[in-house]
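K.L.:
Let me give you the structure first, and then I'll get to my questions.
The values are calculated or read from the model by the stated rules, or taken from the named source; none is laboratory data. The shown structure was predicted, so the numbers you read here are calculated from the model rather than taken from an experiment. No Cβ is skipped: glycine too gets one built from the backbone with ideal geometry, and neighbour counts run over all protein chains shown.
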Amino acid sequence: MWKFGSRTHFVKELWSLDEGEEVSLQGWVYRRSELGGLLFLRLRDSTGAVQVVFKEGNLPKERVDEARKAGIESSIWVKGVVRRDPRAPGGVEVVARDFRLIGPSENYPIRPGAGEEFLLDNRHLHIRSTYMRNVLKVREVVISAVDRWFRENGFVRVEAPTFVGAAVEGGATLFEVPYFGRKAYLTQSSQFYLEALIFAFENVYTIQPSFRAEKSRTRRHLTEFWHAEAEMAWADLDGMMDVVESLITYVTHEVVDKASENLKALNRKFNPVEERFPRISYDEAVDIAQSKGVDISWGDDLGTEAERTISLEFDVPVFVHRYPKEAKAFYHKPDPNRGEVVLCADLLAPEGIGEIVGGGQRIEDLDELLGRIREEGLNPDDYQWYLDLRRYGSVPHSGFGLGVERLVRWITGIGHVRDAIAFPRTPTRLYP
Ligand code: 4AD
Ligand code: MG
């Protein structure tokens, strides 16, 4: 790790040092207490926290006075010697020999017992908390693992625009933005651009934000979320499910390997999943939901309640495939053996989490796609470039989108997707 400023060590490096070794640390005051004339500051840096003990006689009195003024979340520099003490948290403490208050912090607004809305209003500060740091660290491991899996499995990383001219996932959730006298929208999904890019690279993926004007205030909806999407030329529905299965399996193993401390700190017992997720049809899923008393009939999309109920029946992620045509977007390929359903699949995470991945096989035939666009009351003029992909060397192809925050929510066991991202965007939240 780069060491900037006048630091010799990061906190995590202290545990292996010998008693008496001199160190300089930089960080923030995480906790403070005074006991029997001794001042204890718990210093936190990006790697951990350690207790620093200040005793007059060990350093000039004015330095101890300066340390006494260091409120919660002040930034500080400390020079001291390592002391092994079984009473100190972690068995190691630092005995201060010198001190500087770098950035004072008085009356830090976040106190124990602060309410949810208050913490969200102060998210720019709350991200320093143990809870948020652990969740965000798992998120970082998840995103890196997704990226690595794709790269190591022959996918090319690509990027798609954020301003777009037409809907992918239906007009109801489009954010409209003024665009030099015209209307533009924020992208709901990079799928169509990935579909174009498979003709260059065959297997492609992207990790970037998608936007949904969803007014639903649930624990799984954001208006801006991070979307890992992939598209594969020549792949059918089963091929797509195989890719998702392998990707999710890998990510869960990576998190358990690289972020087990963070999961532990979150009191989360999480076991990596093994490949071969059950694959049930939409028809079977509806039967399960109905048998558990959910009010749903064949033809309805699976709502939050149905997905929750179905996912509680499995202790591993489960694919639900072949939804009714009318419950899904126009681009899904109808099953040639059964025209009323489409070759799509959602992956439902266990523990009631529900959908974390949605995808399927796309219509590759020009006339069929035009027919579906018209059937849905959409304007083919808006989709000319997308239709071109069926005019010039069309191929069977499939793809999917994975909601990063939903995956992180499942892995960490947190109650709401908004905590799976540093600065969440919901219908009521644009600040901070
Ligand atoms: O199921 P969705 O809407 O599918 C698509 O957008 C496809 N075009 C993706 C593709 O095939 N390339 O969204 C995919 C995933 C969902 O399964 C969910 O995990 C996540 O994106 N997602 C959301 N996450 C948080 N907040 C929202 N409002 C979300 N909407 C979708
Ligand atoms: Mg979906």
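K.L.:
Being farther than 15 Å from L101 by Cα, crowded, with 18+ Cβ neighbours inside 10 Å and within 43 Å of the chain's Cα centre (by Cα) is the requirement here; does V29 meet it?
P.N.:
no
K.L.:
So, Y193, is that one within 12 Å of ligand 1 (Cβ to nearest atom), more than 26 Å from G303 (Cβ to Cβ) and aromatic (F, W, Y) or not?
P.N.:
yes
K.L.:
Do we find that N271 is among the polar types (S, T, N, Q), modelled with pLDDT of 95 or more, in contact with a Ser or Thr (Cβ under 9 Å, 6 or more places away or on another chain) and not in a helix (DSSP H, G or I) in this structure?
P.N.:
yes
K.L.:
Given (1) more than 15 Å from ligand 2 (Cβ to nearest atom); (2) surrounded by 14 or more Cβ atoms within 10 Å (Cβ to Cβ); (3) over 16 Å from L247 (Cα atoms); (4) in contact (Cβ under 8 Å) with a residue 24 or more places away in the chain, where does G393 come up short, assuming only one miss?
P.N.:
(2)
K.L.:
Starting from the stretch 224-247, take each residue that is assigned to a strand (DSSP E or B) and list its partners that are of a type in the set (D, E), counting only C-beta distances under 9 angstrom and pairs at least six apart or across chains.
P.N.:
F225/E405; W226/E405; A228/D147; E231/E195; M232/E202; A233/E202
K.L.:
So L194 passes all but one of these: (1) in contact with a Pro (Cβ under 9 Å, 6 or more places away or on another chain); (2) in a helix (DSSP H, G or I); (3) closer than 23 Å to L387 by Cβ. Which condition number does it fail?
P.N.:
Unmet condition: (1).
K.L.:
Further question: From the list V320, V342, which residue is touching a Pro at 6+ places or on another chain (Cβ under 6 Å), of a type in the set (V, I, T) and within 16 Å of ligand 2 (Cβ to nearest atom)?
P.N.:
Exactly one of V320, V342 is touching a Pro at 6+ places or on another chain (Cβ under 6 Å), of a type in the set (V, I, T) and within 16 Å of ligand 2 (Cβ to nearest atom), namely V342.
K.L.:
Within the stretch 404-417, is there a residue that is within 16 Å of ligand 1 (Cβ to nearest atom), modelled with pLDDT of 95 or more and more than 19 Å from the chain's Cα centre (by Cα)?
P.N.:
no
K.L.:
Output the residues belonging to the stretch 345-371 that are in a loop (DSSP other than H, G, I, E, B) and either within 16 Å of ligand 2 (Cβ to nearest atom) or at negative phi (or both).
P.N.:
Within the stretch 345-371, P350, I353, I363, E364, D365 meet the criteria.
K.L.:
Can you find a residue that is more than 16 Å from ligand 1 (Cβ to nearest atom), closer than 21 Å to P432 by Cα, touching a residue at least 40 places away in the same chain (Cβ under 8 Å) and not in a helix (DSSP H, G or I) anywhere in the stretch 127-150?
P.N.:
Yes, the stretch 127-150 contains a residue that is more than 16 Å from ligand 1 (Cβ to nearest atom), closer than 21 Å to P432 by Cα, touching a residue at least 40 places away in the same chain (Cβ under 8 Å) and not in a helix (DSSP H, G or I).
K.L.:
Evaluate the following for S246: is it under 20 Å from L348 (Cα atoms), within 11 Å of ligand 1 (Cβ to nearest atom), surrounded by fewer than 21 Cβ atoms within 10 Å (Cβ to Cβ) and more than 16 Å from the chain's Cα centre (by Cα)?
P.N.:
no
K.L.:
Cβ-Cβ below 7 Å, separation at least six or inter-chain, first residue in the stretch 278-298 and among the basic types (K, R), second crowded, with 16+ Cβ neighbours inside 10 Å and assigned to a helix (DSSP H, G or I): which pairs?
P.N.:
Hits for this filter: R279/M241; K292/T309.
K.L.:
Within 14 Å of ligand 1 (Cβ to nearest atom), buried (at least 18 other Cβ atoms within 10 Å of the Cβ) and of a type in the set (G, A, S): is that true of A235 in this structure?
P.N.:
Against the criterion (within 14 Å of ligand 1 (Cβ to nearest atom), buried (at least 18 other Cβ atoms within 10 Å of the Cβ) and of a type in the set (G, A, S)), A235 qualifies.
K.L.:
Working carefully through the options V204, V168, find the one that is within 16 Å of ligand 2 (Cβ to nearest atom), touching a residue at least 12 places away in the same chain (Cβ under 8 Å) and not in a helix (DSSP H, G or I).
P.N.:
V168
K.L.:
Moving on. Out of everything in the stretch 339-360 that is more than 19 Å from G413 (Cβ to Cβ) and more than 9 Å from ligand 1 (Cβ to nearest atom), what residue ends up being surrounded by the most Cβ atoms within 10 Å (Cβ to Cβ)?
P.N.:
V342
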